[in-house]
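K.L.:
One structure coming up, written as structure tokens, with questions to follow.
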Amino acid sequence: GKGGKGGKGGGKGGKRPRRDNRIDWPLEAGSHRYLEFTLYKENRDTLHAILQLAQSLHVSQNLFTFAGTKDRRAVTAQRVSAFRLPASKIEQLMARKPFGDSLVASDCTYAPAPLRLGMLGGNHFTITLRDVDGSDAADGGGDAGGGDGAPSP
């Protein structure tokens, strides 16, 4: 040919054999095509945590769905689903502790459908105040409202 690559003839071989990147789907998943797991994270927003997890697993972050985002400046746990991601990949990654204790995926189960935005069953949380002493309270520390748990107007 006239220089360059491509075309017929010359060169080594032709097309490279295509590699099958699909992983055999575990039998225990049955007909369920989604992996659900609990994502525990500290001081990361949900999207950043999913991105780090996807990069470490060498998969697209688009495989993951979740019911809502969680606060970046907190310790949170939430359920996440992933399309056709075998539990063994998560378990092998977590065994190496690539993020220490600040990002952990656990409690893997297989599910028939992905989690979607708005599917939160309810938020449960504990608020921890740090570096606060009694003099910081505006009214000397009692009930801030009318006894119903809401602040007074």
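Residues are listed down the side, and each one gets a yes or a no for (1) out of contact with any Ser or Thr (no Cβ under 7 Å at 6 or more places or on another chain); (2) β-branched (Val, Ile, Thr):
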{"residue": "Ile50", "(1), (2)": "yes, yes"}
{"residue": "Asn62", "(1), (2)": "yes, no"}
{"residue": "Thr69", "(1), (2)": "no, yes"}
{"residue": "Leu93", "(1), (2)": "no, no"}
{"residue": "Leu103", "(1), (2)": "yes, no"}
{"residue": "Thr109", "(1), (2)": "yes, yes"}
{"residue": "Leu115", "(1), (2)": "no, no"}
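K.L.:
Also, I was wondering about something else. Identify, from the list Gly10, Gly4, Gly14, the residue that is open to solvent by 60 Å² or more (accessible area, probe 1.4 Å), modelled with pLDDT under 90 and on the phi < 0 side of the Ramachandran plot.
P.N.:
None of the others qualify; the one that does is Gly14.
K.L.:
Cβ-Cβ below 7 Å, separation at least six or inter-chain, first residue in the range 42-71 and over 17 Å from Leu115 (Cα atoms) and touching a residue at least 24 places away in the same chain (Cβ under 8 Å), second open to solvent by 60 Å² or more (accessible area, probe 1.4 Å) and polar (S, T, N, Q): which pairs?
P.N.:
Here the result reads Asp45/Thr69, each pair linking the range 42-71 to a residue that is open to solvent by 60 Å² or more (accessible area, probe 1.4 Å) and polar (S, T, N, Q).
K.L.:
Let me ask something else. Residues to consider are Leu27, Leu39, Leu51; find the one that is of a type outside the set (Gly, Ala, Ser), under 18 Å from Lys89 (Cβ atoms), modelled with pLDDT of 90 or more and loosely packed, with under 14 Cβ neighbours inside 10 Å. I'd like the intermediate steps shown before the answer.
P.N.:
On the way: Leu39 fails: loosely packed, with under 14 Cβ neighbours inside 10 Å; Leu51 fails: loosely packed, with under 14 Cβ neighbours inside 10 Å.
Sole residue among the options that is of a type outside the set (Gly, Ala, Ser), under 18 Å from Lys89 (Cβ atoms), modelled with pLDDT of 90 or more and loosely packed, with under 14 Cβ neighbours inside 10 Å: Leu27.
The values are calculated or read from the model by the stated rules, or taken from the named source; none is laboratory data. Remember, predicted model here, so these are calculated numbers, not experimental data. So basically every Cβ, Gly included, is an ideal-geometry build from the backbone, and we count neighbours across all protein chains shown. In case anyone asks, the SASA skips ligands and DNA or RNA and just uses the protein heavy atoms, side chains included. Shrake-Rupley method; radii C 1.70, N 1.55, O 1.52, S 1.80 Å.
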